[in-house]
Amino acid sequence: MFIVTIENRAGDIVGEHSFDEGEFVMGRSQHCDIVLSSPNISRRHGRIFVRDRKAYIEDLNSSNGIFLDGERITGVVEIGLSGSFQIGEFVLHLEGTPYNTGPQETVFGRLTVITPDGPGRVCWIDKNSQLVGRGRDASITILDPSISRVHAKITVDGVGRVFLEDLQAANGTFVNNEQNTGTIELHPGDMVRLGNQDLLFDGPPGAPDVSDHEMRAAGKRPPSARSSGLLKVLTGLLILMIVAIGIALAVVALNEEGLEDSADSTEVVALDTQKDTEPDTDTDEQTDAGTAAAEDTTSAVDTSPPATDTKAVAVQDTTDPNLERCIRSANRAFQDLNLKSLDKALVCARAISPEDERVVRLDDILLRETVAQAMIEKARAALKAKQPGSALLKLSRIDPASALIKMATNLNKEAQEAYADQKRAFDRRCASRRKTNDECTALINDLLQFEPYKNTRLLRLKRKWGL
């Protein structure tokens, strides 16, 4: 682990950061990982990064440079495990501790940082208890202003199960887009979000990799490895039940069609019998006319190609009437936005043809609309609790293609107005305070739920209050 201590011109310690590996930008911009507030420092002045367990610094074409041992550096310079360098009026002291070049012998899992470009650095879970945050006390360090100094805790029980505990972090701890305020067990494939940073939980080395974080971002859950034998048994029973239901529905439908065909045949036979029993008049003339008509009909049937019959057979061979009935029911349910009926219709369709492209498309629609409906309900609850920031965060997760987007847009306008009112209330009551109180803490935490990077003034005030 590396610890960077920031000392100002008066010799006071004004900041401290700790990290294991990765890249961290230094500068006066609030978007930097290590913020150095001074007009003599460029917005993106330099960076510290770790490669092969060694620390390096690099000047990012700053105006006033970075000085190591009294000399201005150019390019990338290795610091090793310890060293001091100067940026403007600040002196940064880097101290590192030697450690192994890989994870410990006993590894229980790993957290992979997800960046816009894909998977990033890996944080190993190799102890029975580890703190996660951006402060010096965290053994898994993530330098992100939306993450608390001590944000969460990871523990491993006696049989190797990994648990994540939220330590009342300001910006919350989420697992698979659901906020976790207590302790929850992690499974391979779970997506963890601390503040604004996404991390993918995976098993130890040798376990199957989970590389479907794009599916997570879209609201879908990739298949996760489960070691529990009971869960496998229950999954098998569920599959058998779905297949049995599908077969039963198909048998019932075929029986109904058979009864209809039998009824039609009985009606035809009855009509023919009735015609046969009617008394004939002008027998000779009707017989001659009937014979001629029959001959004409017979010759027409014999000479015409059986194109219509062939087409009907082809349709019957390629189309399952039960599947079509399930698809029609699913489409009607979607038009009515009846998600329960849509789910039931899809159970029927999956049992018959789970690979049918219409079934797959309707599955995606069901997932999208279920997420949208849940986010709208949670946003309404947040507005009712006077938490517009939380409401806006939930509404931002709704797919624009959702059929509920109009409802979400109207609710978003209401949340934006409430958010602006809450911001004005915060400025009146809290902005000038040296210390926070319960009301101001609740207000600032909710305001920073939505797009915290656009509220740098609130982030600075939150740090000032020590939250």
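How large is the Rg to Rh ratio of region 39-88 when both quantities use alpha carbon positions and Rh follows Kirkwood? Before the final figure, lay out each step's value.
Numbers: Rg = 10.6 Å, Rh = 11.1 Å.
Over the Cα atoms of region 39-88, Rg/Rh equals 0.96.
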TODO: For ASP12, tell me the accessible area in Å² from a 1.4 Å probe, rounded to the nearest 10.
DONE: 90
Task: Of LYS384/LYS435; LYS384/LYS423; LYS394/LYS423, pairs whose Cα-Cα distance is over 24 Å - done: LYS384/LYS435
TODO: Apply the Kirkwood formula to region 107-205: the hydrodynamic radius equals the inverse of the mean of 1/r over all pairs of different alpha-carbon atoms; give it in Å with one decimal.
DONE: 13.1
TODO: Give me the Debye-computed log₁₀ of I(q)/I(0) at q = 0.18, 0.24 Å⁻¹ for region 333-386, equal point scatterers on Cα only, no solvent, two decimals.
DONE: -0.62, -0.88
- [ ] Heads up, I need the accessible area for ASP399: 1.4 angstrom probe, whole protein in place, Å², nearest 10.
- [x] 70
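Suppose R0 equals 25 Å. What FRET efficiency, 1/(1 + (r/R0)^6) with r the Cβ-Cβ distance, do ARG463 and ALA10 give to the nearest 0.05? Each step should come with its number before you reach the end.
On the way: r = 20 Å, r/R0 = 0.79.
The computed FRET efficiency comes out at 0.80.
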TODO: Mind grabbing the accessible area of ILE245 for me, 1.4 Å probe, Å², rounded to tens?
DONE: 80
- [ ] Could you give log10 I(q)/I(0) at q = 0.11, 0.16, 0.18, 0.22 Å⁻¹ for region 337-467, computed by the Debye formula over C-alpha point scatterers of equal weight, without solvent?
- [x] -0.52, -0.80, -0.92, -1.18
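Which FRET efficiency value, to the nearest 0.05, is calculated for LEU68 and LYS344 with the Förster distance at 56 angstrom and r the Cβ-Cβ distance?
Once the sixth-power term is evaluated, E becomes 0.25.
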Task: In sequence order, calculated HN-Hα J values of region 179-186 (Karplus, 6.51, -1.76, 1.60; Hz; x Gly/Pro) - done: 5, 10, 9, x, 10, 9, 7, 9
Task: Alpha carbon centroid spacing (whole Å) that separates region 136-190 from region 391-467 - done: 23
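So for each of 329-339, 85-95, 193-203, 175-185 I average, over its residues, the number of other beta carbons within 10 Å; can you give me the resulting order with the highest mean first?
Details: 329-339: 15.6, 85-95: 18.6, 193-203: 21.5, 175-185: 13.5.
Peptide ranking by packing, descending: 193-203, 85-95, 329-339, 175-185.
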TODO: Using +1 at the Cβ of each Lys and Arg and -1 at the Cβ of each Asp and Glu in region 319-403, identify which of ALA381, VAL360, PRO400 lies farthest towards the dipole's positive end.
DONE: ALA381
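How much net charge surrounds ILE66 when only other residues with a Cβ under 9 Å from its Cβ are counted (Lys, Arg +1; Asp, Glu -1)?
Working: positive: ARG72; negative: GLU58, ASP59.
Once all neighbours under 9 Å are counted, the net charge is -1.
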TODO: Measure out, as a whole number of angstrom, how far apart the alpha-carbon centroids of region 316-359 and region 42-94 sit.
DONE: 62
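The values are calculated or read from the model by the stated rules, or taken from the named source; none is laboratory data. Quick caveat, the model's predicted, so the values are computed rather than measured. Neighbour counts run over all protein chains shown; Cβ positions are idealised from the backbone, glycine included. Just so you know, the surface numbers come from the protein's heavy atoms only, side chains and all, with ligands and any DNA or RNA stripped out. Shrake-Rupley method; radii C 1.70, N 1.55, O 1.52, S 1.80 Å.
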